[in-house]
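Everything below concerns the one structure shown next.
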Amino acid sequence: MPDESIVPVLIVGAGPAGLVTALTLRKNGIPVRIIEKEPRAHVGQRGAGIMPRSQELLNFLGVLDDIRAKSMGVVPIRVYRLPGGTEPIMTFSLDPAVAPTPSKPYSNAVVLGQNHTEEILRDHLDQDACQVELGMALYSIQPQVDHVLAHVLKKDGDQEAIETIKCRWLIGTDGARGVVRKQLGLLFDGETLGVTQHLVIGDIEIKGLDRKHWHYWGDMDTILVMLRATEDDAIYFLMLGGRLDLAKIVAERAELERVLRVGTGRTDIELGKIRYVAEYRPHVRMAETFRKGRVFVAGDAAHIHSPFGGQGLNSSIQDASSLQVNLGWKLALVEKGVAAPSLLDSYTEERLPVIAEMLKKSTRLLNEAARAKGDGTNSEKAWYRGGELHMLGVNYRWSSIVVDERIPKEDTPVDPYGVLKSCVGDIVRAGERAPDAPGLVVLRSGGGAGGQQETTSTSLFNIFGPSYHTALIFSDGTEKAEQVVSHLGAYPPELLRTVLVYADDIPSQATFDNADVSVVDRDGQAHGGYQVRRDEFLVVIVRPDGAIGGIVRGTEGAVRYFGGVFAT
Ligand SMILES: Cc1cc2nc3c(=O)[nH]c(=O)nc-3n(C[C@H](O)[C@H](O)[C@H](O)COP(=O)(O)OP(=O)(O)OC[C@H]3O[C@@H](n4cnc5c(N)ncnc54)[C@H](O)[C@@H]3O)c2cc1C
């Protein structure tokens, strides 16, 4: 008899990492509880830059349309001459416009205050029958062999009560000061950056500034940046640093006003509402492992770093969910009883090197910002947020669960952000992000009667999903493709979908009876994107997180890949 009182997954903390984890698990049909210690939702724009790789993830989760409807593009930043503070020295884009391509449909960051992103995620979670339980603070955990006991203090107005939640798995997405990591006794190695890198952050209303730009004033003593992250909002996100009395700025409105006046040199701007201001001390730290038994840490609970580079929220949601694997789909498979718990070891194995690299990059950018001069020197370098920071190159080519029969796997992480990609001839490899490909003419979809040619066209990003693997079977016109389809057809469709990809006209003997979807690659984007010759047979297995799990030459390779993932 299953134990009715046990919660399959308890998520502690409803920031971006917790919300995305919960949504991924719900999309996989896994019941979850998500608790949050605060009695109400956060204010504050904080992690506002949503990178292209995260947009792909949010697209798989069905959230991206709502995010894009509310977000704005990255606007140019203006650096002003001091004293005076009104004359622009330079204007440049943090994220120079990159045109979308068929394989990379989301090519630039979008900006949306983190409070809005969280609200959208909560709405989607509500629609998936899961509500964040507010006012529930975890204070200790007791891991057992087959479950975890979580002790929670519930607050409702003046009322307080204790609840003990019994769960099979517990995920600590409770932020940098999280209880879960501390309860596990995990080392959190790294450093707290020096006082010159401490900041005041906040959401403040500023009257008198043009809204088409972000604004930057900097001299040797003060750096002052104002960003706006939502189109319909006059509230600016403030970052203020330098040799200032930060505690006094936070405590006294008059001091904030004075620093804004002195720091910008402007007399024509006025401070309006203050939503919040807080002192912020950047740390660079990472947990030694992201899993201990039945308990995981993800997001800021697992790694913290300078806010420069816009990688924090992005890395948090990518830890937690599908795109760069991680926790969501693996835990779902284990919960469904089709994967062994050892699959969960690959969460740390894959994410730790990526996060270590991310810490280096964001610290370098913070140091560049500290070196930026009031005359604009170094500013462009310090504020650049394009290229590798889009995270499209982040990969797991060394992972023990990926299989690559085209290019030998890396033994150890060589290039987790994919920066050196051109050195290996740009061939797509297992462990990397799976490219999109539009212009696929659907020959048959679903399990209906076969053989009927349809005219609808689709893209791979419409076919991939967050709860199942997708096997792209590139046909060479021989029977090999049909053989792989019938072999993989033994897996239930909720775990694996097969897609037969034809280069040109379909061979006369083709039946499409077995594959879940059969398509003609009308524009050659799938063959081009995955570097498959039009007369070549190849199988590319895409994981539920949109990373390539396997590139194999036939049934044997596919069996090897799925043997590693689905072994119970
Ligand atoms: C100034 C600044 C600028 C930033 N800019 C960017 C950016 O542009 N792009 C980017 O990607 N990132 C950015 N970040 C980083 C980003 O905000 C964080 O990385 C992100 O919030 C991490 O999400 P999380 O869900 O892991 O943690 P959090 O957002 O910290 O969420 C943790 C949640 O857990 C709750 N909690 C804590 N303890 C308990 C408990 N015991 N029981 C229950 N609940 C608990 C907390 O109340 C909180 O709601 C920035 C951060 C700052 C400060």
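The values are calculated or read from the model by the stated rules, or taken from the named source; none is laboratory data. Here the structure is a predicted model, which means the values were calculated and not measured. For neighbour counting, all protein chains shown are included, and Cβ atoms are generated from backbone atoms with ideal geometry for every residue, glycine included.
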Query raised in the report: Taking the stated definitions as given, is residue 201 within 15 Å of the ligand (Cβ to nearest atom), outside any loop (DSSP other than H, G, I, E, B), farther than 15 Å from residue 285 by Cβ and in contact with a Phe, Trp or Tyr (Cβ under 6 Å, 6 or more places away or on another chain)?
Result: yes
Query raised in the report: Would it be correct to say that residue 375 is surrounded by fewer than 21 Cβ atoms within 10 Å (Cβ to Cβ), charged (D, E, K, R), at pLDDT below 90 and in the same structural domain as residue 20 (by TED's automatic domain parsing)?
Result: yes
**Report entry** residue 146 being closer than 30 Å to residue 293 by Cβ, charged (D, E, K, R), surrounded by fewer than 20 Cβ atoms within 10 Å (Cβ to Cβ) and assigned by TED's automatic domain parsing to the domain that holds residue 180
**Finding:** yes
Requested in this report: Could you look through the stretch 83-97, keep only residues that are among the aliphatic types (A, V, I, L, M) and surrounded by 15 or more Cβ atoms within 10 Å (Cβ to Cβ), and pick out the one that is farthest from the ligand (Cβ to nearest atom)?
Outcome: 89
Report task. Run residue 298 past the list (1) within 20 Å of residue 544 (Cα to Cα); (2) within 12 Å of the ligand (Cβ to nearest atom); (3) modelled with pLDDT under 85 and report the number of the one that doesn't hold. Result -> (3)
Report task. Scan 26, 46 and give me the residue that is crowded, with 18+ Cβ neighbours inside 10 Å, modelled with pLDDT under 90 and either within 22 Å of residue 298 (Cα to Cα) or touching a Ser or Thr at 6+ places or on another chain (Cβ under 7 Å) (or both). Result -> 46
Query - Single match in 72, 90 (criterion: among the aliphatic types (A, V, I, L, M) and out of contact with any helix residue (DSSP H, G or I) (no Cβ under 9 Å at 6 or more places or on another chain)) - result: 72
Report summary line: Note on the stretch 333-347: residues out of contact with any Pro (no Cβ under 8 Å at 6 or more places or on another chain) and either at pLDDT 90 or above or more than 20 Å from residue 391 (Cβ to Cβ) (or both) are 333, 336, 337, 338, 339, 340, 341, 342, 343, 344, 345, 346
Query - Whichever residue in the stretch 117-131 is within 14 Å of the ligand (Cβ to nearest atom) and not acidic (Asp, Glu) and, among such residues, is surrounded by the most Cβ atoms within 10 Å (Cβ to Cβ) - result: 117
Report task. Just one of (1) within 12 Å of the ligand (Cβ to nearest atom); (2) in contact with a Cys (Cβ under 8 Å, 6 or more places away or on another chain) trips up residue 148, so point out which. Result -> (1)
Query raised in the report: With respect to residue 277, is the statement that it is within 16 Å of the ligand (Cβ to nearest atom), touching a helix residue (DSSP H, G or I) at 6+ places or on another chain (Cβ under 6 Å), at pLDDT 85 or above and farther than 20 Å from residue 77 by Cβ true?
Result: yes
Report task. Could you please let me know if residue 114 is polar (S, T, N, Q), within 24 Å of residue 394 (Cα to Cα) and within 16 Å of the ligand (Cβ to nearest atom)? Result -> yes
Query raised in the report: Take the residues of the stretch 159-177 that are surrounded by fewer than 16 Cβ atoms within 10 Å (Cβ to Cβ) and within 13 Å of residue 140 (Cα to Cα): which is farthest from the ligand (Cβ to nearest atom)?
Result: 166
Requested in this report: Tell me, please, whether a residue that is in contact with a Gly (Cβ under 8 Å, 6 or more places away or on another chain) and in contact (Cβ under 8 Å) with a residue 60 or more places away in the chain can be found in the stretch 67-78.
Outcome: yes
